[in-house]
Amino acid sequence: MSLNSPNSTAADAQKNSDMTTAARVRNLLIVLAAIALSVSVLLGLRTQAPSSSLTEMAKTSVPLEIALTNGKPTFMEFYADWCGSCQAMAGDLSAIKEKYAEPMNFVMLNVDNTKWLPEITKYRVDGIPHFVYLNDKGSRVAETIGEMPRSIMEANLEALIAGKPLPHAQASGQVSDFTPPTGPVKTSSSDPRVHGSQVQ
């Protein structure tokens with residue numbers, strides 16, 4: 001049989017067709033794998049970010065006035081959105097809040113809001129996150145400062161709920177420095193949020 005026989009050409013065409021089909025299938029599989037990888041990376045990034053931002057958690061926290069009078073123990077956090085340690089703990093705190101929502105109050109006070117200056121002063125907040133544990137009568141039982149492992153926080157909360165001494169009452173971890181304002185906050189009379197400054 002010669003090299004240019006019709007059977008040889010048909011076999012070569014079939015072989016080329018099989019290679020083209022195989023290449024197309026391979027390319028399709030690569031594209032599908034790339035799409036699946038992209039989706040999984042996107043979902044992975046979303047789940048690595050705290051599922052609840054500090055602002056969202058603060059919006060759903062119990063107001064301080066209610067927490068001090070409703071007969072439940074209270075776990076209070078002083079935080080700020082710019083606080084790296086606060087952000088690092090947001091995921092664990094969200095899970096803890098969900099787990100202990102029924103027997104406890106969770107209160108979040110943003111140190112950047114001057115409304116909380118009396119509490120910042122009372123609890124001597126100079127680093128955040130700063131956690132205050134209050135019993136069911138609203139009295140301070142203990143304070144911890146800085147990043148804490150979830151297990152330590154849960155052990156403290158279990159003891160607080162049971163009315164027992166906290167096992168890690170003086171725990172401390174990495175903090176973000178905070179210097180509270182010491183004087184009255186100056187406001188501009190042109191600020192539309194300051195209604196009283198326009199009345200003479």
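The values are calculated or read from the model by the stated rules, or taken from the named source; none is laboratory data. The structure displayed is predicted, hence computed values, not measured ones. Cβ sites come from the backbone with ideal geometry, for glycine too, and all protein chains shown count toward neighbours. Just so you know, the surface numbers come from the protein's heavy atoms only, side chains and all, with ligands and any DNA or RNA stripped out. Shrake-Rupley method; radii C 1.70, N 1.55, O 1.52, S 1.80 Å.
Brief remarks on what is shown
- Cα-Cα over 21 Å, subset of LYS59/LYS137; LYS59/LYS97; LYS59/LYS164; LYS122/LYS164; LYS59/LYS122: LYS59/LYS137; LYS59/LYS164; LYS122/LYS164; LYS59/LYS122
- Stretched out straight at 0.36 nm per residue, the stretch from ILE30 to ALA95 would grow longer than its current Cα-Cα span by 19.6 nm.
- Hz values of 3J(HN,Hα) by residue in segment 81-98 - Karplus curve (6.51, -1.76, 1.60), Gly and Pro given as x: 5, 7, 6, x, 5, 5, 4, 5, 8, 4, x, 5, 5, 5, 5, 5, 4, 5
- Area of THR20 that stays accessible when all protein chains are in place (1.4 Å probe, Å², to 10): 70
- Among the protein heavy atoms, those of ARG150 account for about 90 Å² of accessible surface (1.4 Å probe, every chain in place).
- Protein accessible area in segment 110-152, 1.4 Å probe - carbon and sulfur %: 47
- Cut-off under 5 Å, modelled amide H: who pairs with SER176 long-range: SER85, ILE128
- Solvent-accessible area per residue in segment 51-99 equals 45 Å², computed with a 1.4 angstrom probe and all protein chains kept.
- Around the amide H of ASN105, modelled in the peptide plane, lie the amide H atoms of THR74, PHE75, all under 5 Å away and 5 or more residues distant in sequence or on another chain.
- Residues whose placed amide H lies under 5 Å from that of ALA142, excluding near-sequence neighbours: TYR133
- Under a model in which nothing but the beta-carbon of Lys, Arg (+1) and Asp, Glu (-1) is charged, segment 64-162 shows a dipole of about 260 debye around its Cα centre.
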